[in-house]
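The values are calculated or read from the model by the stated rules, or taken from the named source; none is laboratory data. Fair warning: this is a prediction, and the values are worked out from it, not measured in the lab. Reconstructed Cβ throughout: ideal geometry from the backbone, glycine too, with neighbour counts over all protein chains shown.
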Amino acid sequence: MKRILYCTAIVALACACSAQNQRFDKNASALVKKFEDLAAQGKIMYGHQDDLLYGHSWKVSLEEQEYTKSDVKDVCGSWPAVYGLDLGGIELLNEKNLDNNYFSQIRESALKHYARGGVVTFSWHPRNPLTGGDAWDVSSKEVVASILKGGSRHDFFMGWLKNVADYFETFTLDDGSLCPLIFRPWHEHTGSWFWWGEDLCTVEQYKALWEMTYNYLSCERGLKNLIWSYSPGAGGLTAERIGERYPGNGIVDIVGLDCYQYSSAGDFIAELQHTLSLVKDFASANGKLFALTEAGCEGLPQADWWTSTLYPAIAESRPLYVLTWRNACDNPRHFYAPYPGQASAADFVAFTEKDEIVMCK
């Protein structure tokens with residue numbers, strides 16, 4: 001009963017926050033309008049994780065200032081429209097994130113990308129605040145309960161949220177305003193590989209975690225530059241599961257989907273078409289945009305994967321964007337976008353040249 005009452009109180013606080021304060025600042029409002037225009041035109045922005053910080057066989061130096069190099073740009077002549085980054089490690093005030101990127105370079109590369117007309121999105125893989133393990137430490141089902149109000153780790157975790165807010169406040173533009181950012185916390189919650197996953201917390205606890213995060217960052221700290229994305233993962237996804245832990249229309253702007261290819265191309269196309277249609281229907285019913293917030297096929301073994309697998313899977317639903325995962329510079333087999341000479345490079349160019357696909361020139 002206490003948990004339900006707490007969740008209800010948080011919802012009321014979120015409503016009060018929305019009623020008393022403008023939802024977005026001017027930059028975020030302009031970006032949301034751009035998204036709406038692109039969606040109305042049936043356009044799909046292409047995105048790539050960590051694109052400007054490293055690639056298949058390179059990594060930026062500490063002296064880098066322009067952030068122009070990109071595996072994607074080296075192949076097709078344009079940067080990805082959407083630039084994905086991760087906050088994991090900022091909660092501990094680490095110098096680098098979990099993918100060994102300096103937080104100073106994450107910020108500067110993001111600002112460069114936005115200045116070129118690109119979009120920046122952040123996920124967050126925080127450490128386990130109860131056990132001290134990583135985001136994938138699912139050894140306890142008490143983690144979320146421990147960080148909610150009244151929990152033994154609540155004050156500790158609020159310190160983590162403070163570190164996130166402090167960092168986001170450094171994303172300032174030349175006029176002193178804040179760079180708009182898509183923020184995608186507590187993602188893939190329909191799986192159970194993160195400590196906030198489906199088997200690790202109740203529906204009420206998950207919603208309360210989302211609401212607590214939103215209320216602190218956007219209401220208490222006033223970060224109106226954040227555009228909030230809710231992203232379940234594929235795999236047994238149903239319309240009911242999409243909505244079950246949805247935190248509410250007042251605190252979500254984009255409904256996303258994370259879906260990777262682990263089986264045949266035909267199975268992946270069928271799964272992605274089906275799950276994207278579910279996400280699109282849910283987003284439409286709630287007046288939200290929708291996106292393919294993570295996707296890809298590790299190692300890209302199929303030379304025509306972009307036009308024969310990915311494109312057919314998204315062509316009908318037309319998500320706002322599709323973001324493929326990173327090209328690790330320290331693992332030659334872990335890549336999700338082509339690099340010069342990679343087998344699917346020519347097909348990727350053909351994909352980016354389709355009228356629907358939006359890149360950052």
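A few notes on this one:
- Hey, residue 95 among the charged types (D, E, K, R), crowded, with 19+ Cβ neighbours inside 10 Å, at pLDDT 95 or above and within 22 Å of the chain's Cα centre (by Cα) or not: no
- Filtered residues of region 193-215 (kept if among the β-branched types (Val, Ile, Thr) and out of contact with any Asp or Glu (no Cβ under 8 Å at 6 or more places or on another chain)): 202, 213
- With respect to the stated conditions, residue 194 is buried (at least 22 other Cβ atoms within 10 Å of the Cβ) and assigned to a loop (DSSP other than H, G, I, E, B).
- Residue match in region 341-352 (condition: buried (at least 21 other Cβ atoms within 10 Å of the Cβ) and touching a His at 6+ places or on another chain (Cβ under 9 Å)): no
- Subset of region 280-328 [more than 18 Å from the chain's Cα centre (by Cα) and among the hydroxyl-bearing types (Ser, Thr, Tyr)]: 284, 307, 308, 309, 311, 317
- Those residues of region 251-268 which are touching a Gly at 6+ places or on another chain (Cβ under 9 Å) and of a type in the set (Asp, Glu), in sequence order: 258
- Number of positions in region 149-166 that are not in a helix (DSSP H, G or I) and not small (Gly, Ala, Ser): 2
- Across region 140-161, not a single residue is classified as under 21 Å from residue 84 (Cβ atoms), in contact with a helix residue (DSSP H, G or I) (Cβ under 7 Å, 6 or more places away or on another chain) and crowded, with 22+ Cβ neighbours inside 10 Å.
- Residue among 214, 206 that is surrounded by 20 or more Cβ atoms within 10 Å (Cβ to Cβ), over 17 Å from the mean Cα position of the chain (by Cα), aromatic (Phe, Trp, Tyr) and not in a loop (DSSP other than H, G, I, E, B): 206
- Against the conditions (1) in contact with a Ser or Thr (Cβ under 8 Å, 6 or more places away or on another chain); (2) closer than 24 Å to residue 105 by Cα; (3) not charged (D, E, K, R), residue 232 satisfies every one except (2).
- Filter result (surrounded by 15 or more Cβ atoms within 10 Å (Cβ to Cβ) and either small (Gly, Ala, Ser) or assigned to a loop (DSSP other than H, G, I, E, B) (or both)) within region 117-133: 118, 123, 124, 125, 126, 127, 128, 129, 130, 131, 133
- Residue selection: residue 224 fails the criterion of being assigned to a helix (DSSP H, G or I), basic (Lys, Arg) and more than 25 Å from residue 200 (Cβ to Cβ).
- Exclusive hit being hydrophobic (A, V, I, L, M, F, W, C), over 24 Å from residue 84 (Cβ atoms) and in contact with a helix residue (DSSP H, G or I) (Cβ under 9 Å, 6 or more places away or on another chain), set 234, 270, 265: 270
- Here region 39-88 is the region considered, the condition is being under 16 Å from the mean Cα position of the chain (by Cα) and in a loop (DSSP other than H, G, I, E, B), and the residue that is surrounded by the fewest Cβ atoms within 10 Å (Cβ to Cβ) is 88.
- Residues of region 282-306 satisfying the condition of being surrounded by 15 or more Cβ atoms within 10 Å (Cβ to Cβ) and assigned to a helix (DSSP H, G or I): 282, 283, 305, 306
- If you go through region 172-189 and pick out every residue that is surrounded by fewer than 21 Cβ atoms within 10 Å (Cβ to Cβ) and in a loop (DSSP other than H, G, I, E, B), you end up with 6.
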